[in-house]
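In what follows, a single structure is set out as structure tokens and then discussed.
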Amino acid sequence: MTHFLPGLLMGLALIVAIGAQNAYVLRVGLTRRHVGVVVAICAISDLVLVAAGVAGVGALVQDHPTLVTVVTWLGAAYLVWFGVHALLRARRPEALDPAGAPVVALRTVATTALALTWLNPHVYLDTVLMLGSVAASHGEHRWWFGAGAMTASVLWFTALGFGARSLGRLAARPQTWRVLDLVIGVTMIALAIKLVAG
């Protein structure tokens, strides 16, 4: 527990902050469509990234700054595209009610979840580099630290995705979707600007 608990707490501290991935999981959870798939994609992706960090892949990423630059620009472009679409959705009240909105194909939902996860440079900085570095400081117990961080990811995405489903009354109100899409749109574009500026 002396290595697992710090990993759990650090994992939660890094993942709970509002970001593109969390905003999307929340939106999917409110629609009650393909929630399990999105939660699984986000959680499994985090497990892979944390494991890579604990295994020492962070040093490899640091040795190839061009790779980080390419991912940064791809991620920023995708975040802007996603943010603009969220803002456009907020302008059309008839498309904001999940009961009346067209059903989004599973493939589209899965692709979006994958893109928001793997095209986000902060994911690599947080999980591979930062968690990997702290895990290394735990020496032979680094995998216990990593297990704590992995548990945090699974708990968070499960709670966010399936917890949002319990907000059914809010989800039925078009105003909720307008506000959510406005927040998502502004957040995505702000994250894109921060990525490029940073």
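Want the number for Trp81 to Ala55: 0.36 nm per residue separation, take away the alpha-carbon distance, what's left?
So the chain would gain 6.0 nm between Trp81 and Ala55.
For Leu106 and Arg92, compute 0.36 nm times the residue count separating them, minus their Cα-Cα distance, and round to one decimal in nm. Before the final figure, lay out each step's value.
Working: separation 14, 0.36 × 14 = 5.04 nm, distance 2.28 nm.
Result: 2.8 nm gained on full extension.
Ala113: net charge of surrounding residues, Cβ under 13 Å, Lys/Arg +1, Asp/Glu -1, itself excluded? Show your work: numbers first, answer last.
Values: positive: Arg27, Arg33, Arg107; negative: Asp46.
Once all neighbours under 13 Å are counted, the net charge is +2.
Determine the gain in length on full extension of the stretch Arg33-Ser166; use 0.36 nm per residue of separation and subtract their C-alpha separation, reporting nm with one decimal. Spell out each step's value before the answer.
Values: separation 133, 0.36 × 133 = 47.88 nm, distance 1.32 nm.
Value of the extension gain: 46.6 nm.
Which FRET efficiency value, to the nearest 0.05, do you get for Ile193 and Met130 by plugging their Cβ-Cβ distance into 1/(1 + (r/R0)^6) with R0 = 30 Å?
Details: r = 22 Å, r/R0 = 0.73.
My answer for the efficiency is 0.85.
Just so you know, all these numbers are worked out from the coordinates, no wet-lab data involved. Everything numeric in this text was worked out from a predicted model, so none of it was measured. Positions of Cβ are backbone-derived with ideal geometry, glycine not excepted, and every protein chain shown enters the neighbour counts.
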